[in-house]
1. Out of all the residues in segment 503-510, is one or more in contact with a Pro (Cβ under 8 Å, 6 or more places away or on another chain), touching a residue at least 24 places away in the same chain (Cβ under 8 Å) and charged (D, E, K, R)?
2. Any residue at all in segment 481-499 that is at positive phi, out of contact with any strand residue (DSSP E or B) (no Cβ under 9 Å at 6 or more places or on another chain), not charged (D, E, K, R) and not assigned by TED's automatic domain parsing to the domain that holds SER589?
3. Looking at segment 64-78, is at least one residue at pLDDT 80 or above and in a helix (DSSP H, G or I)?
4. Answer yes or no: is there a residue in segment 211-229 that is surrounded by 14 or more Cβ atoms within 10 Å (Cβ to Cβ) and part of a loop (DSSP other than H, G, I, E, B).
5. Considering only residues of segment 525-576 that are modelled with pLDDT under 85 and not in a loop (DSSP other than H, G, I, E, B), which is farthest from ARG356 (Cα to Cα)?
6. Does segment 428-435 include one or more residues that are under 36 Å from the mean Cα position of the chain (by Cα), surrounded by 21 or more Cβ atoms within 10 Å (Cβ to Cβ) and of a type in the set (A, V, I, L, M)?
7. If I go through segment 422-469 residue by residue, how many of them are closer than 22 Å to GLY513 by Cβ and either of a type in the set (Phe, Trp, Tyr) or in the same structural domain as VAL515 (by TED's automatic domain parsing) (or both)?
8. Could you list, in sequence order, the residues of segment 603-649 that are surrounded by fewer than 18 Cβ atoms within 10 Å (Cβ to Cβ) and of a type in the set (Ser, Thr, Tyr)?
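The values are calculated or read from the model by the stated rules, or taken from the named source; none is laboratory data. Here the structure is a predicted model, which is why all the values come from computation and not from measurement. Glycine gets a Cβ as well: all are built from the backbone with ideal geometry, and neighbour counts include every protein chain shown.
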Amino acid sequence: MPTPLTPSTLTYTSLRTKPKLRLALQAFWAFSLMYIVGLLAAGAMARMGISASDSLMRQIAQLGMNIFTYAIIEVLTDVYVLLAYLGLAVLLFMHRSDDWLAISISLMIMAFGMRVTGLGNNLAASPEYQWLALPVMVMAEAGIVLFGWLYPEGRWQPAWLRYLLAPLLLTMTLLYVPFSPLYIQKIDIWLSSGILLAWYASSAVVMTWRYRTARSMNQRQQIRWVLFGMLGPLLWFLLSVLPQVFFSALQGDTMTVTTFDMALRVLGIILFPVFPLSITIAIARYKLFDIDFLLNRALVYGLLTALVAGIFGVELLLANMVSQLLADSQQANLLFAASAVLAGAVFQPTRKALQRFVDRTFFNIKIDYLKTPVGKKFQPGSDTQTQAPLLFSSYQNLELIGKGGMAEVYRAEHPTRNRQVAIKVLLSSLATDEQYRKRFLREANTLAGLEHPHIVRIYDFGVENDLYYMVMEYLNGVSLSAYLKENGQVSLAEALPILREVAGALDYAHAAGLVHRDVKPSNVMLDVQPGVSPRAVLTDFGIAKLSGAHTNITASAVLGTFDYIAPEQIQASAEIDGRADLYALGVMSYQLLTGTLPFRRPGTGALLLAHMSAPPPDARDLVPALPRHTALAIQRAMAKKPEERFATASEFVLALG
């Protein structure tokens, strides 16, 4: 489904107010896709039935290959290019089929993808398929020129360009009609190349002019990337045409021609995907058509496919050539298998490396969410249960009441305070890890300096017999996350006291120069004591940060929980302050009142990008009874820029009510 648009984002090219035209263009797009795929499939089947000539067989042998390897290289280069073009075309249509410019660009990308493949050119030159290929070739050639004329706003600028549309379509049609005096297969290569280059040049000139007169830097960046991408196919075109013009040896059925064609195919693997890749970057990095993370994934996996396919193809070619020299079929098979294993082995590390590169370069996601957090897995017999009773022998009725991935929690009677306390003990299996020790001690030191009724109190902490512990007040109740799981959501009247108390705790911590950085329902306890109302208590200051201080206590670069993380935390900003906690409080408020998180995405990366770029949703879409000012307050608390949020957490909660 297309991304919903708000009235402020409706554009000149939007089809939301033109449902009939939208449906017609969508139907034409679907027909075009089936037509192109069907034509390519038919051409591929016909190609399989054609046997190589004796001359070609001899030339292939001289290259150190057999017909199988030659055919594999032919097929893989076409498939590789088609995946890049058709993949982007489908993704673009899926997400913006409500925009005629996006549909048009998608159509052009599909057609141009067929145009630049060896199979597409064979179809256009084949007497059997040339008429069927004609409309696709015209769409490709005219489409790439029109793309330059209309991109990125979909307007005729300069206005006189519209008068060149008819000559453009006529010229491109004449180039591919077999009986035309300008039929590309019959006229001199100088003439056909000159005609195409003239039209291509008009597109480049218009885009350059648009770049210089663009109204915003964002548009300039979009145009610059696309101009760069168009250089890829253009460079291939020049490298394929100019040598044929100047060197007669590159014409006819010779060994030189076969070698030249093979080199062009390998070069096409690099140059042809540059165009869809540049459009993907323009979309992903500069929000063209408001499409974001899915095309990040397409970019990542497209780059990965290119890399692995290139490695595998080169290895396959080398393995085949070496096997020809070895003349040993068993060794040749082993060499082929080894190349496949090597290509597979680089897949996973390459995928992660490319994803990190794309996220950091195009999306400014600085935290490494792909990295496994540092630490040791719990091993049976290495926990604290056997040592804790000895260590805390002065405490009465010691009882294990909870265990997480980092610590165990015991309930006991304090020997002097005449009250129950909670003793949190770092798992002994993690006590040797510096990162976990620092986080544990940081929490203890932070809490020791805080005294607030809605921040958990700490009475003692230290290290004894290599066990790290802290003694805190015992909170008799459940976490806010457990409460939400049981109740689904809470009313505004019920949520306000909880949020007011958490906000008070945050304002106190912020005034003390602390940023919690992990505000979420599981870190809020609802303490229930006889005769008094439940009390919300903020816990877990393990990754709290002093304002202006620098810390590397989280080597995995994971600071905060991703469902509640502020955009500036994702960007690893050194200037994080209390407004990051305010963002998380806004997310938590949305969850309390609606029963769901504001951003739900299929993967961690998509979730992070949503926090950075997706508009905060309106809580009234799920709970219409909520007051307008409440929904607006939540959206302001979740503003992408810290300076657009409330000044304090208490000010936010006041605006909620």
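1. Checking segment 503-510: not a single residue is in contact with a Pro (Cβ under 8 Å, 6 or more places away or on another chain), touching a residue at least 24 places away in the same chain (Cβ under 8 Å) and charged (D, E, K, R).
2. No.
3. Within segment 64-78, one or more residues are at pLDDT 80 or above and in a helix (DSSP H, G or I).
4. Looking through segment 211-229, at least one residue is surrounded by 14 or more Cβ atoms within 10 Å (Cβ to Cβ) and part of a loop (DSSP other than H, G, I, E, B).
5. The qualifying residue farthest from ARG356 (Cα to Cα) is LEU546.
6. Yes, that holds for at least one residue.
7. 2
8. THR604, SER613
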